Every structure is written in structure tokens, then in C-alpha cells.
Amino acid sequence: MLLFQPVESDSFQLPPSMADTAPPIDKAYDFIFWFSVVFTVAVTAALLYFVAKYKRKPGVKPEPTGHFMKLELFWTITPTIFIFFLFHAGFTGYIRNATAAEGATEIRVRGKKWSWEFEYPTGDREPGELTLELGRPYKMILSSEDVIHSFFIPEFRMKRDAVPGQYSFIQFTPTKAGDAHVFCAEYCGTSHSGMIATVKILPPAEYKEWEKKLGGCSGTPEECEPAKWGERLFVKNGCTTCHGAGGSGEISGSKTVGPKLAGVFGHEVQTTAGVVQADENYLRESILRPNAKIVAGYATVQMPPFVMKDAQLDAVIAYLKSLK
Amino acid sequence: MSSEATAAADAHDDHGHGHHGPKWLAHHFDTPAQQFDAAKLGMWVFLAQELLFFSGLFVAYGVYRSWYPEMFFAASHQLDKIMGGANTVVLLFSSFTAAMAVRSAQLGKQKATGNFILITIVCACFFLVVKYLEYTHKIHAGLLPGRYFHPHAEHLVAGAPALPANAGSFFGIYFMMTGIHGIHVIIGIGVLIWVWIRNNRGEFSKEYFTPVDIVALYWHLVDLVWIYLFPLLYLV
Amino acid sequence: MAAITTTPGAHHDDADPNASFLEKKGLMSWLVTLDHKRIGIMYLISVTIAFLLGGIFALLVRAELFTRGQTLFDADTYNKMFSLHGVVMVFLFIIPSIPAGLGNIMLPVQLGTKDVAFPRLNLLSLYIYWFGAVFGLYSMINGGVDTGWTFYTPYASSDPAHGGVGSATSVIPMTLAAFIMGFSSILTGVNFIATVHKMRAPGLTWRRLTLFTWALYATSIIQILATPVLAITLLLLTMERFLGLGIFDPRLGGDPVLYQHFFWFYSHPAVYIMIVPGMGVVSDILATFSRREPVGYMAIAASSLGLALLGFLVWGHHLFVAGMSEWATMVFSALTFLVAIPSGVKVFNWVATLYKGSISLQSPMLWALSFVFLFTIGGLTGLFLGMLAVDVHLHDTYFVVAHFHYVMVGGTVMGFVGGLHYWWPKFTGKMYEEGLARIGWFLVFIGFNVTFIAQFIMGSRGMPRRYYDYLPQYEIFHQVSTIGSWILGLGFLVLLVMFIRSLMNGKPAPRNPWGSAALEWLTPTPPPTFNFVKDPVLTRGQYDYQLATDDELYEGFDDPLFPGLRGGKAPAKKAAAEGDHG
């Protein structure tokens, strides 16, 4: 299910930096990292040195402890000064990243169990894949349709919770072309770890090409056969997290939270609304309004509704019909 | 001096024959004053804890009311001010009798102490009966918490503002706050009866009245919480 | 301490009052006991069982993450495993471990008193803990919970059985379990505060309290002020799920972030409920094994109280990316940094205590030194998370997981196990095998660092926490971490065997095996039911090694490294005196 390529790394500790939000955070990270290294080494060295030097020896008495008022004041006040700088470094980076650039492109991000959906200013919705133009400022408007999710792109060093019932915002400008990932960072149930989307950062020319095809099928004619395109949409929409790969109804041998889809077309299905014939209309309704007729035995976890263009729906249905 | 330094040194000096003080002095205390002070401090610390326990509910109340002031206004009209007011008066009076019970105990008046405790218990029971009547009416009228909120128009207070759909949340808070307070009243009745029985057995005296004192302290807290609950819930 | 009053002791039963508190046999003698030491031991046994259970969950979580995709079980089982690991470790193990276990046993002895102020309340708190644990077990038998130990709404509160979007697992029994156990914690706190204030032996001024006592006192304050808020929060959550109250669920008009404020208002101070007692244990161990008063005694004591108070002002740092205003975020970040001051003061004073001491590296000291080292890392990585910009990146990643394990395990568990080693001879009357103890310590120390350093790195590289599956670039870190967890588990197994062997056939412990000047080592081993044969009167502080007599320090002293010091023999004069009395 995790079809993503490994990202080559720039430094050992941090993933590659791919947006304008990353450098201020990396700067603050480096600062606190080296501060901590110096501190830890100093404390540990003192600890080990004293342990070796003042090892108990018969006949040698310890020196009684005196009062060291000046010393106490020194190591109370010095850290107080340090933390002021640490706070300042953290706060300035945060505020810088919390401010949106003028004229930023707004993208709606909807989290739902267990996929991300991105709505572009054109009104087109793309699940599972966020395509951005290199160098263009963006503002993401986050919301959730069920529980709390968290929108996290490690390569941008940005994270914000998507809380149901409210909007939250995150802004950045991609600075490097390539692939990154959106993780869900707030635990949200069974397939929390499958709630990953790819981020594609394209140079302006390529982005224009991509934008033209937005909402339609991109790829070779063979790849755009309805069933083939439908399969890609099926994976991108995160359907496999609940219905298994190929709608098999199982992942690694255990039953999935959603019913098996392979071979369902043309057969009778026992649902909460009685027995129905699984035809095109039933499949369409189950995608757009999943809770209208729930397959018997699968009522504990509710599927979120999916919004698709008719052409996309046709493709997914064609794919489902092809599954045996 | 060295050998005295170890507690083990004089293992046979001290078998602790008999008692080290009055009968009511627990084995691990040295003096009556220590026992009294410890009990009192313990109770005050416990009351601090109680206040914080209720404070969570008050914060939830405050936040929710600031979100939905109209809903709170409308829903509070469904509460019976007369019954709530009567309960407030009764509880205030019982706090007074509890204080008088402590006073009588300090003066060693066993009979008066018993009577004051009894009046306090009667007041507490009166409070619970009124609460029971209020609750049955709410249940009857379908004024229940959250998803069980299904008001029956014919049982609602006439002329009150219309209830919004989310008024179930108000009744959720109402039942939580008064219910937890009610549990405190029930526990209060229990400990008051316990103190009353011990008083009848003549266990208290001018020198020893700690249980009366700390139970009264607890009772004052129960009263105090209600004094806040009443205006917040009934007099919105 | 060189003088003892002649106040007659007060004992109600006919048994020899100077007999060891372990003398009486039979299950009932334990279940209805009012003796704080026996109650403490029952707590210790309970928390140890909880620790083993939570540890098994942890090992299963790590084993599942050894390979990508499914290794042992499916995603739902994994989610339950990490949730139960958290719930069991936090509510059943860590919170009661040091205060209710070791604290219960040692606090009255360190105060020179016969018992805690309210012995019945003490027993009640143990029964409440067990009662809560039964609810927890009931939930586990019913399939457990998959909400994480934080029970975030609406996932935990929105019941699919009523058309909700949340977890379908057995949440209500588990939140009730935590609710009930909260009262156990509160009652222990009430008891300890009254005990420290009112039950101190004559001459035991505030300035002469042990630092462990100071730490327990500070902890009790937090328990009193924070736990009730958690109790009411969990009750609201339970009612939300049960009745659809609508306080935390946005679909019913509530606010899920409000829950997080409520929850962390308790659970951040709870972090200090967990760590401050460990700091107290370490202060005492460092004093004993350096044989001198801790440097900056008052500073260490005051910093415990400082941590207790600051703990209430920083809950917001758990919500930096949850949607607080920039203003609130700034204030919480600034306040969070203040925590570094008392923490730093402690570390500096501990290190300074070693300077010109007389240091013996016996096993309790190894744990205490590990504590200082690991807590330093745990504290400094806390600064990463307090820095707003950095937190935005690290929040909810494995970096956070590693950070709080460095504080909770590197801190509290090291303190707990160190304290267990330190006081074990006193309350069991048995010594343990130093060799096995060192092997156990070594395995735990290495295993712990391997497990969690790997997690720091994968966390800063962006690996989110609570993930059943992960991208290929994190695989190597997960595998190192899992191997570390096996070493860690093996280390604890060695320690378990060591302690059981000690109980079965350990050498009898002398009165003062470590040569400490503190009060608890001046009473017989194991102590009598009322702790002291005679009510002690203190004429010196508990760390005044220069004022302590040789017999106080060395009677029964048996440092295997220095047989020359006293060789474990009581002085001849002393033996003669005892003969006279007999």
C-alpha cells in the first residue's frame, strides 16, 4: 500500500528541505541541537570525572558540604539567560511561518478516515496527491470530516491539526521540485498509518501541463482506459485502506473494515436496507452516499462520502465491474 | 553515645505496655493535638481537591454557556426556581445546624450535639426528596442529557422560551452537576449518621470531637457548592 | 539522632512490638493491614505486575514494527497494543510506583513516625487502585481500547453504536478505570501532606527532611490539585460517549480542543507526579553513595516545589499545532522554558554533590547516575519541543515518543528501580546478588539507549508516532529500536530473577548496608511494625555525615568493595550491651 519511493536525505537528522518554511526551523533546530550536545557532554564529563576521581578509598573521608550561595545563583541565572535566547529563536521562526504571503493560492485540504482530499481553486478535487507549483505561495485551509487529523509534511517542517468543526491554516512556498509526503500525525483509528498522500512539486512549465489535465485522466491512452484509470483512482482515494488491495476485503489475511468489493457486481447483497442488486446505481450510491445501504456486518465503521466527477465515477465503477 | 544512636540498641526497654493516652488516641499519634491537627489538615486538603473536582464542571459550564447563551437562557426556564430556592434555604440552614453541632460538641453537650446532627440529616433528606421530585419531572418531560433529549411539549413550563435542539447539552450539564452534588449529599448523610451514632455512644467529649468537626467541614463544602450551582443553573 | 526519648511506645496488640513487620503470616494479615510498609509492598507487587504487563505490550508493539506491513498482527490489534501500553504504564504503573509504593514504605520511616497520618485511608487507596485495575482488566478482556492513553475526542467519545465517527472499542470501562484510580492517587496525596506536616519526629525540622520526603511532598501537592481535574474530565468524556452530552464532539456542538485543554491541565502536572519522586530517590541515593549532604539541599527541595507549581502553567505546549491563538502559543512556550531552570538546578547540584565525595559505585548508585545522564537528555530534548518553530516539525513524531521515554523511563523508572535496589534490604531484610544487579543494570541502560536514540533520529526525520506501517526510509531505525527493546526486556527479566532469588535465599541484610546517615537506616532491618523500637529524636540532619558516629554509619556496613572499613561486624562493645539487656 505504501507505494512511495524513499526520499534521499540531505542531513542525517532532518529530511530534505523543500519549502521556505524549513530553513528557519532547521536553523532553530541546529541551535538547540548544538546547545544540547555541549550541555550533555559537559554534564556527563563532569559526572564521569568526579566518579573516577572521588572513588571511595578506605580512610579517606568526604569533604562536608558547605554552602555555595554564589554558585547556586550562578547556575540559576545563567540558564535563565540561555532560555531567553532559545525562546526567541523558536518564536521568531514560528511567527515567520505563521504569516501567509500576499496573494497565496488557497487549497482546501479535507482529512477523513483514512485519506486526504485536496480541492484546488478550480473546484477540482484530487485525493491522495497534492500537486504544487515550485515557488508559488500556498495557503492550505484544513478541515476534517470526522475525527482530528494532522496535516504534516516533514520536508516542509510544517504541521497543523485538522480539527472537525473548525478550519485551520498552514502556509508555505515550495522551494525545491520533487516528491514529498503528507502524513497524518494525529492518531485517527485503524488505518492512521495509511493516511499518507504524495506531494508533487513541479516546475512552472510542468505544472501548467498538469493543471490542464486536472480532474481528467493523465497518462497514456492505455493508462486511461476506464478500468485502469478507475484502479488508480481507487488507490489514490484510499479505498484500499478499508477494502483491501483490489477490493479483496482482506489485508494480510485479516478481514478489512469495509466489505469485499471484488466480484460483487451483478450479485445480490444483504444490506441494512434489505437485499439489493449490486448494479451501477448501487455502486454509484455507495460511493456518493455510503451510509444509505450498508452491507450487513459492516456497520461499525462508517465510510465517509466521496465527491467525484461523473467521469471519475464511471471509471471507478468500470474498475469495480472488472474485479472478479 | 554511639550505641543509643541505633533504635535496635534497647530492644527490650520498651514494650509499650497499655495505652499511651486516652482511648480515642490512635496508636500512631503521640498527642491528641497532633491527631486533631492532622485530621483537620487532611480534611482541608481533601476539600481543596473537591473544589478542583467541581471546578472542571464549572469551567465546562462557563465555556458552554459562552458559546450558547440563548440556549442556556431558554433551558434554565425549565428548572423549578421554587424547588431549587427551597433546597438552597434548607441546605443553608443545615450548614448552620452542622456548625451548631460542632459548637455543642466543643462544649461537651452530647444531647444538643446529637439533636443538631439529626436536624442536619433531616434537612439533607429533605433536599434529596426535592431533588427526586425535580428529577422525575425532568425525566417525565423528556428533558434528558444529550441524545436522550426528547422534550414533550405538554409537560414543559408554559410560557417559557422555546427549547433549541441542542438544549440536551444544558440538561447534560445540569444532571452532571446536580448529580455529582447529590452523590456528595448522600455521602454526607452517611457520614453524618456515623457521627450521630458515635455521639450517641458517648464517644465525644470536650477533648475529643474531631469527627464532628471534620464532617461539618465537609458538609459546609457540600452547601457551598450548591450555593454556586443554584444561581448558575436556575437563575440564568 | 544521638539521643532517643523515653516516651513509652504505644502498641495495641499483644505481639512483640519489636518483631519485624513481616513477622505475621497469612493472606489476611496483609489484606486488612494498616501498616504503611505492608500496604507499600502490596502496591509494589501490583505496580510490578502492571509494569510487566505494560512491558509485554511494549515488546509486542516493537516486534510488530520490526518489518514493514504486517509482522505479527493487524492494524487494529497494533492500535490496541500501543494504547494499552500507554494506559497500563501511566495509570497502573508509573503514577503509583514511587509515591504509593516506595514512598508509602519509606516516608513514615524517614519522618521517624509510626505510620502515615491516616492508615485506614491508606489501605482504602490501595483497594480503590485495585478496584480501578479491575475495570481496566474488564476493558482489556472486552477487547481493550484503541484510542491511545490520551483518549482524544471525538475519536474516543463518539460511539459508532450511536452513529458516531470514533472508536468502537471498550472505552468506557477504561476511562472509568483511570477515573477510579485517580481517587487512589488523591487519597495518597492527602495522606502524605498531613503526614509530612504533622507527624515529623521531634527535632526533624523542615530543613532536616530527606530530599525524597521533599519530593513526595511536592508530588502530593500536584496529586491534590491536578488529579481531580482529570477525574472530572474523564467523567465528562465517559458521559459524552454514553449520553452524547455534546461538550467535546463538534457534531453535537462541542469543541474537541477543549478536551485537550482539560486533559493536559492534569496530564502535564502528572508528568511531574511521575518524575519528581524519581528525583527525590536519586537525591537520596547520591547522598548515601557519595557520603555527603547533597550540594544545594534547599535548592533541590525548592526546585521540587517549583516544578510542582510550574507544572500547572505549561499544559498548552501539548497544543502548539492544535489550534491555539499565536498569543497563547507564545505564552505557553515562554512558561515551558521556565521548567528548565529548576530542572537544571537539580542536575547541577547532583553533579556538584559528587565533587569531593566518597563515591561507591554499588548498584543503586549506578541507577542514580544513569538517571542524571538520561534525565539530562530527556530534559534537553524537552527544550527542542518547547521551541515553537522546532515543535511544529517534531510534534507527534517519534522524537516526542523518545523524549518522554527518556524522562519517564530514563527518569522515573531508573529512579524507581534504583530506589528498589536501595531500600530493598531495609524492607525485605534480604540482600541481593550485586553481580546480577549490575548485569541487569547494564542491559537496561544499553537497551534503553539503543531503543530510543533510534527513535529520536527517525522522529526528527519525520516518522509520525502511533503508525502501524511506515515508509521504507524508516525501516532501519525501527529495526534498531526493536532490537534495543529486546535488550531492554532481557535486562528487566534479569532484575526480576535477581529480586525473586533474593527473596527466596538472599543473605540477611544488615541494619545499614550502605553506610548511610539517614534515619531509615538506624532502625532494625526489617523495621518493627511501628518502625522504631523507641521514638527517635533528631539532633542532627539526615545527611550530616560529619556529625554521624561511626556506629551509626558502619554498624552492619558491608561494602563488598571495602571489607576493611567495618567488615560487616558490629562493634564488640555494642554486642556486650545487647547481651546485658537480654
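Structural remarks
- Computed accessible area, C:Met431, all protein chains, 1.4 angstrom probe, square angstrom: 40 Å²
- Nearest-ten-degree value, helix C:75-87 long axis tilted from longest Cα axis of chain C: 40 degrees
- Rounded to the nearest Hz, the phi-derived 3J(HN,Hα) couplings of segment B:114-129 under the Karplus curve 6.51 cos²θ - 1.76 cosθ + 1.60 (θ = phi - 60°) are x, 5, 5, 5, 4, 4, 4, 5, 4, 4, 4, 5, 4, 4, 5, 5, where x marks glycine and proline.
- Within the accessible surface of chain C, defined with a 1.4 Å probe on protein heavy atoms only, the carbon and sulfur portion equals 71 percent.
- Net charge in the neighbourhood of C:Met498 (other residues with Cβ under 12 Å of its Cβ; Lys, Arg +1, Asp, Glu -1) is +1.
- The smallest convex shape that holds all Cα atoms of chain C, its convex hull, gives 146 Å³ per residue.
- Residue with peak Gaussian network fluctuation, chain A [Cα springs, cutoff 10 Å], from A:Val264, A:Val38, A:Val276: A:Val38
- Here the accessible area of segment B:31-234 is 73 percent carbon and sulfur, with a 1.4 angstrom probe and all protein chains present.
- Surface burial for C against B, with a 1.4 Å probe and both sides summed, reaches about 5100 Å² of accessible area.
- Over chain B, dividing the summed -39,500 (n - 2.57) contributions of all DSSP H runs of at least 4 residues by the number of residues returns a 222 nm mean residue ellipticity of -24000 deg cm²/dmol.
- Global form of segment A:226-322, assessed from the alpha-carbon gyration tensor, a/c cut-off 1.5: rounded
- Inter-part distance, segment C:234-265 to segment C:120-179, computed on C-alpha centroids, equals 15 Å.
- Computed FRET value (nearest 0.05) for A:Ala245 with C:Leu313, which takes r as the C-beta separation and R₀ as 45 Å: 0.35
- Charge sum, other residues only, whose C-beta stays under 13 Å from C:Asp396's C-beta, Lys/Arg counted +1 and Asp/Glu -1: +1
- Helical mean residue ellipticity (222 nm; -39500 (n - 2.57) per DSSP H run of 4+; nearest 500) of chain C: -20000 deg cm²/dmol
- Overall form of segment B:31-234 per C-alpha gyration tensor (a/c, 1.5; a/b vs b/c): prolate
- The translational diffusion coefficient of chain A, from Stokes-Einstein at 20 °C and 1.002 mPa s with a Kirkwood hydrodynamic radius over alpha carbon pairs, comes to 92 µm²/s.
- Computed helical MRE - 222 nm, chain A, DSSP H runs ≥ 4 contributing -39500 (n - 2.57), nearest 500: -11000 deg cm²/dmol
- Each residue of segment C:285-294 was assigned a 3J(HN,Hα) from its phi angle through the Karplus curve 6.51 cos²θ - 1.76 cosθ + 1.60 (θ = phi - 60°); the sequence is 5, 4, 5, 5, 8, 9, 6, 7, 4, x Hz, with glycine and proline shown as x.
- Counting only lysines at least 8 places from C:Lys25 when in the same chain, those with an alpha carbon closer than 20 Å to its own are C:Lys37, C:Lys426, C:Lys430.
- Of all DSSP bridge pairs formed entirely within the protein assembly as shown, close to 75 percent run antiparallel.
- Segment A:243-272 and segment B:60-83 have Cα centres spaced 48 Å apart.
- Virtual spin-label span in nm between B:Trp24 and B:Val129, 7 Å along Cα→Cβ: 3.2 nm
- Estimated inter-spin distance, B:Tyr228 and B:Ile186, nm [label 7 Å along Cα→Cβ]: 2.3 nm
- C:Asp255, B:Asp37, reordered so the largest accessible area comes first (probe 1.4 Å): B:Asp37, C:Asp255
- Long-range HN-HN contacts of A:Ser144 with modeled amide H, under 5 Å: A:Gly111, A:Val163, A:Gly165, A:Gln166
- For segment C:273-428, the gyration tensor built on C-alpha atoms gives a prolate shape. Its axis ratio a/c (a ≥ b ≥ c) is at least 1.5, and a/b is the larger of a/b and b/c.
- Computed from point charges on the beta carbon alone (+1 for Lys and Arg, -1 for Asp and Glu), the dipole magnitude for the protein assembly as shown about its Cα centre is near 1700 Debye.
- Using θ = phi - 60° in the Karplus curve 6.51 cos²θ - 1.76 cosθ + 1.60, the 3J(HN,Hα) couplings for segment C:226-233 round to 9, 4, x, 5, 5, 4, 5, 5 Hz; x is entered for Gly and Pro.
- Listing of segment A:54-79 residues, each with accessible area lower by at least 50 Å² in the full protein assembly than in the chain alone (probe 1.4 Å): A:Tyr54, A:Arg56, A:Pro62, A:Glu63, A:Thr65, A:Glu72, A:Trp75
- For segment A:68-136, the list of GluC sites (Glu not before Pro) that fall in a loop by DSSP and count at most 10 other C-beta atoms within 10 angstrom reads A:Glu102.
- Accessible surface buried once A binds C (1.4 Å probe; total of both sides; Å²): 8100 Å²
- Here's the picture: charge each Lys and Arg Cβ at +1 and each Asp and Glu Cβ at -1 in segment A:47-121, and of A:Thr78, A:Gly103, A:Phe50 the one pushed furthest to the positive end of that dipole is A:Phe50.
- For the pair segment C:423-458 and segment B:132-175, the centres of their Cα atoms are 59 angstrom apart.
- With each label modelled as a point 7 angstrom along the Cα→C-beta vector, the B:Lys109-C:Arg68 pair spans 8.5 nm.
- For C:Lys430, residues with placed amide H under 5 Å, excluding near neighbours: C:Ala509
- For chain A, built as a Gaussian network whose Cα springs stay under 10 Å, the top-fluctuating residue of A:Gly258, A:Gly111, A:Gly66: A:Gly66
- Electrostatic tally near C:Trp423: other residues with Cβ closer than 14 Å to its Cβ, Lys and Arg +1, Asp and Glu -1, net +2.
- Taking amide H as placed 1.01 Å from N in the peptide plane, the amide H of A:Val182 sits under 5 Å from that of A:Ala197, A:Thr198, A:Val199, each at least 5 places away or on another chain.
- For segment A:208-321: relative contact order, % (alpha-carbon pairs under 8 angstrom, 6 or more apart): 30 percent
- The charge dipole of segment A:75-162, taken about the Cα centre with unit charges on the Cβ atoms of Lys, Arg (+1) and Asp, Glu (-1), comes to about 320 debye, rounded to the nearest 20.
- Sparsely packed loop sites in segment A:200-302 (the GluC sites (Glu not before Pro) outside DSSP H, G, I, E and B with at most 10 other Cβ atoms within 10 Å) comprise A:Glu222.
- Cβ-Cβ distance of A:His88 and A:Ala299, R₀ of 51 Å, FRET efficiency by 1/(1 + (r/R0)^6): the value works out to about 0.45.
- Rounded FRET efficiency, nearest 0.05, which uses the C-beta distance separating B:Ala153 from A:Lys200 and R0 of 41 Å: 0.10
The values are calculated or read from the model by the stated rules, or taken from the named source; none is laboratory data. Because the structure is a prediction, the values reported are computed rather than measured. As a convention, Cβ positions derive from the backbone with ideal geometry for all residues, glycine included, and neighbour counts pool all protein chains shown. Surface accessibility is based on the protein's heavy atoms, side chains included, excluding ligands, DNA and RNA. Shrake-Rupley method; radii C 1.70, N 1.55, O 1.52, S 1.80 Å.
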